[in-house]
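**Student:** Below is the structure I would like to discuss, written out as structure tokens.
The values are calculated or read from the model by the stated rules, or taken from the named source; none is laboratory data. These numbers come from a predicted model, not from an experiment. Here the Cβ is made from the backbone with ideal geometry for all residues, glycine too, and neighbour counts use every protein chain on show. We work out accessible area using only protein heavy atoms, side chains counted, and drop any ligands, DNA or RNA first. Shrake-Rupley method; radii C 1.70, N 1.55, O 1.52, S 1.80 Å.
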Amino acid sequence: MADRHGWSEVDSYLAETLLGPDPALEAALAANSAAGLPSIDVSAPQGKLIHLLARMVGARKALEIGALGGYSTIWLARALPDDGKLITLEVNTRHAEIARSNVARAGLESKVEIRTGAALASLPKIEAEGAGPFDFVFIDADKANNAAYLEWALRLSRPGTAIVVDNVVRDGEVANAASRDPDVIGVRRMFELIAREPRLSATAIQTVGAKGWDGFALAVVK
Ligand code: SAH
Ligand code: DHB
Ligand code: MG
């Protein structure tokens, strides 16, 4: 599944050519692997993409749903100014612990807050605290809840907020209306929600690479 037609080789070439060596990110992946975490982090070129998108919107406050070992967290936190803030939500305490250590090794502790617990439990607290509005939201957790996460992203946004959702193509299964996969159903429900949401302007782009055939949804709050 992961690779056809040399997609991984191209990702490696692009990462070597455009991204260069990155000890903190490489150490994070090594720590994740040593701890037995699944290798489902964004790829290096994808990490750089979300980093650049956050910079393009001048993000100071960002929200991530689904930290895993903090690989995408590091890419995002680096896009923020010194006084910027990234809140990332992670249900798995072991993942969160490893993410904390990876983020600290990358020197980003002061910008990143990792909240343990189900995202749908953390999000109302974030709203009650008045932590938003966020300038950039990256949704990358349990796909079955994607529609709910998108609604929360909207609640915690302002006009101009950019919202990016990972894994919206899933080997093409997103176009299968008969799919019974809860992840695919979750992604499709999210797209239906976006389609009837007048406050969002959105698209989705298919990707190939080390992560196989998948894609990102991109939306901006009007
Ligand atoms: N963004 C990461 C990858 C995240 S993988 C990266 O690219 O580096 C998805 C993560 O979402 C996993 O760590 C999983 O534990 C977490 N997750 C699953 N369900 C969740 C929930 N209900 N609330 C918060 N996190 C959840
Ligand atoms: C899975 C989750 C992800 O966030 C991802 O990028 C790839 C795979 C998964 O749960 O299988
Ligand atoms: Mg993902």
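**Student:** Taking all protein chains as present, what is the carbon and sulfur share of the accessible area of the chain, in % to the nearest whole number, probe 1.4 Å? Numbers along the way, then the final one.
**Tutor:** On the way: 5740 of 10330 Å².
Using a 1.4 Å probe with all protein chains present, the chain comes out at 56 percent carbon and sulfur.
**Student:** Which pairs, out of 143/222; 111/143; 61/111; 61/125; 48/211, put more than 18 Å between their alpha-carbon atoms?
**Tutor:** Values: 143/222 24 Å; 111/143 26 Å; 61/111 9 Å; 61/125 16 Å; 48/211 14 Å.
Too far apart for the 18 Å limit: 143/222; 111/143.
**Student:** Using each residue's phi in the stretch 173-187, evaluate 6.51 cos²θ - 1.76 cosθ + 1.60 at θ = phi - 60° and report the 3J(HN,Hα) Karplus result to the nearest Hz, with x for Gly and Pro.
**Tutor:** Going residue by residue, I get 4, 4, 7, 8, 5, 8, 4, 9, 5, x, 5, 5, 4, x, 5 Hz, with x marking Gly and Pro.
**Student:** Where the only charges are on Cβ atoms (+1 Lys, Arg; -1 Asp, Glu), what is the dipole of the chain about its Cα centre, to the nearest 20 debye? Spell out each step's value before the answer.
**Tutor:** Details: 24 positive and 28 negative charges, 133 e Å.
So the dipole magnitude of the chain works out to roughly 640 debye.
**Student:** Taking 1 over the mean of 1/r across every pair of different Cα atoms in the chain, what Kirkwood radius in Å do you get? The partial results should precede the final answer.
**Tutor:** Details: mean 1/r = 0.0571 Å⁻¹.
Answer for the chain: a Kirkwood hydrodynamic radius of 17.5 Å.
**Student:** Let me ask something else about it. How far, in nm, would the chain grow between residue 144 and residue 34 when pulled straight, counting 0.36 nm per residue and subtracting the alpha carbon separation? Mind dumping the intermediate values first?
**Tutor:** Values: separation 110, 0.36 × 110 = 39.60 nm, distance 2.81 nm.
Length gained, residue 144 through residue 34: 36.8 nm.
**Student:** May I ask you to give the solvent-accessible area per residue for the chain, in square angstrom, as obtained with a 1.4 angstrom probe?
**Tutor:** Numbers: 10330 Å² over 222 residues.
Value returned for the chain: 47 Å² of accessible area per residue.
**Student:** Under the Kirkwood approximation for Rh and a Cα-based Rg, what ratio Rg/Rh is obtained for the stretch 1-130?
**Tutor:** On the way: Rg = 14.9 Å, Rh = 15.3 Å.
On the Cα set of the stretch 1-130, Rg over Rh gives 0.98.
**Student:** Show me, for the stretch 108-121, the HN-Hα J-couplings you get by feeding each phi into the Karplus relation (A = 6.51, B = -1.76, C = 1.60, θ = phi - 60°), rounded to Hz, glycine and proline as x.
**Tutor:** Per residue, the Karplus-derived 3J(HN,Hα) values read 10, 3, 6, 9, 10, 10, 9, 9, 8, x, 4, 4, 5, 8 Hz.
**Student:** May I ask you to order 140-146, 121-127, 161-167 by the average number of other C-beta atoms within 10 Å around their residues, highest value first?
**Tutor:** Result, highest mean first: 161-167, 140-146, 121-127.
**Student:** Pick from 89, 18, 200: which residue has the top mean-square fluctuation in a GNM of the chain where Cα pairs under 10 Å get a spring?
**Tutor:** 18
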